[in-house]
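A quick write-up on the structure given underneath.
The values are calculated or read from the model by the stated rules, or taken from the named source; none is laboratory data. All values reported here derive from a predicted model rather than from experimental measurement. Cβ placement follows ideal geometry from the backbone for every residue including glycine, while neighbour counts extend to all protein chains displayed.
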Amino acid sequence: MEKVVFRSITPVFRFGVGERPFVYEGRLGEARYRIELAKIEAGPAGFAYLMENVPEEVHDRLISIHLAKHTATDVFLIIDVFYPPPYDRFFKQSGSNELGQIERAIFDALRLHTTFGFTYYKTYEVNMFHEQTPLWLSSPLTKPYLFSHFGHQKSMLIEQNHQAVVNTFHQLLEHKWDNDKYTFDRVMQLAMSYHRTLSKLENVEHAFLLLMVILQALFTSKDEEFSSAIGRIKWLNINRREERGKLNPIWENVRDLRNDIAHGDPNYSIQVVKEKYPQVYQQVSKAIIRLWAIKDEIREGDYYDNLKKHIDGKERELKRGGEG
């Protein structure tokens, strides 16, 4: 009989889940897993839900995440990983390969599909069958719940995007990285790594500059101008020709702003950076999602040439009045 062997609990900051929680179940290798992103109210019932199947010896160490003494959140991502017996093979383990793969893929998918990212500080991992100390936690060096480049706005996962999250989750979970063979893999790994880093940078202008690095790496070869990247992301991210004009204000003066920040110009406006950042962030996130969706078309051979052909074809189709 399968039982929960690992439970991962991650408090999520500045986040709204809508009326219906995100729930998804699947299999990876010999493991079955269940993912839930939900609002869990403070109180005995809520804490009992978080602690379901969790050994009592770690309840006291986990109560602070529910009372939100240091996190100020009532939204949690819970991942349960089930395995068939024998369970004693997990006595000494702090986690499993499957749990690590699932965590990385769902964190990335949620960050890409939510309005202002997926911000967390610590992930608590519990081994239900460990002999002595079943609780481990991992956390970044900075504390992103102390600041946000999006002001006081909560990030949202709307219900209409639940299936899109699942689609991206599986694309990430099942992808076999081969940096020696594919340019797509190298530039996408860079983009995903920098995208994870954005919320951990304390200065919004530094986060903005990383967005520019992601944009240029994904859309232009080393011999092409930065303006080509802006032109291509605009065509990739629209479904109808008339939408393109609405994107022009977002990208206006972005190149000059990038150069001013990179070269220490004291005259650029930090307020303009703060206003631009959320819009550019959403466009870059959307582009990453769409590049994963067309991976099979652009990965083999010359990545940049394949991407240019795809976008040129989409531009022609939209100009003829079609949709893309």
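Per-structure values
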item	result
Options Gln282, Gln271: the member that is modelled with pLDDT under 95, among the polar types (S, T, N, Q) and assigned to a helix (DSSP H, G or I)	Gln271
Residues located in the range 194-220, provided they are hydroxyl-bearing (Ser, Thr, Tyr) and modelled with pLDDT under 95	Thr197, Ser199
Every residue from the range 14-42 that is exposed (fewer than 14 other Cβ atoms within 10 Å of the Cβ) and either more than 15 Å from Thr73 (Cβ to Cβ) or not aliphatic (A, V, I, L, M) (or both)	Glu19, Arg20, Val23, Glu25, Arg27, Gly29, Glu30, Glu41
Residue ID - surrounded by the most Cβ atoms within 10 Å (Cβ to Cβ), chosen from residues in the range 308-324 that are touching a Lys or Arg at 6+ places or on another chain (Cβ under 8 Å) and not in a helix (DSSP H, G or I)	Gly324
Test for Thr119: is it under 30 Å from His149 (Cα atoms), touching a Ser or Thr at 6+ places or on another chain (Cβ under 8 Å) and surrounded by fewer than 20 Cβ atoms within 10 Å (Cβ to Cβ)	no
Verdict on Val23 being in contact with an Asp or Glu (Cβ under 6 Å, 6 or more places away or on another chain) and either within 19 Å of Arg111 (Cβ to Cβ) or in a strand (DSSP E or B) (or both)	yes
Candidates Val165, Val187, Val204, filtered to the one that is of a type in the set (Val, Ile, Thr) and either touching a Ser or Thr at 6+ places or on another chain (Cβ under 8 Å) or within 14 Å of Ser285 (Cβ to Cβ) (or both)	Val165
Matching residues in the range 132-191 - criterion: being surrounded by 12 or more Cβ atoms within 10 Å (Cβ to Cβ), of a type in the set (Lys, Arg) and either within 28 Å of Gly26 (Cβ to Cβ) or at pLDDT 95 or above (or both)	Lys154, Arg186
Unique match (being at pLDDT 80 or above and within 19 Å of the chain's Cα centre (by Cα)) among Phe82, Phe22, Phe47	Phe22
Candidate set from the range 282-307 (those that are closer than 17 Å to His113 by Cβ and of a type in the set (Lys, Arg)); member that is surrounded by the fewest Cβ atoms within 10 Å (Cβ to Cβ)	Arg290
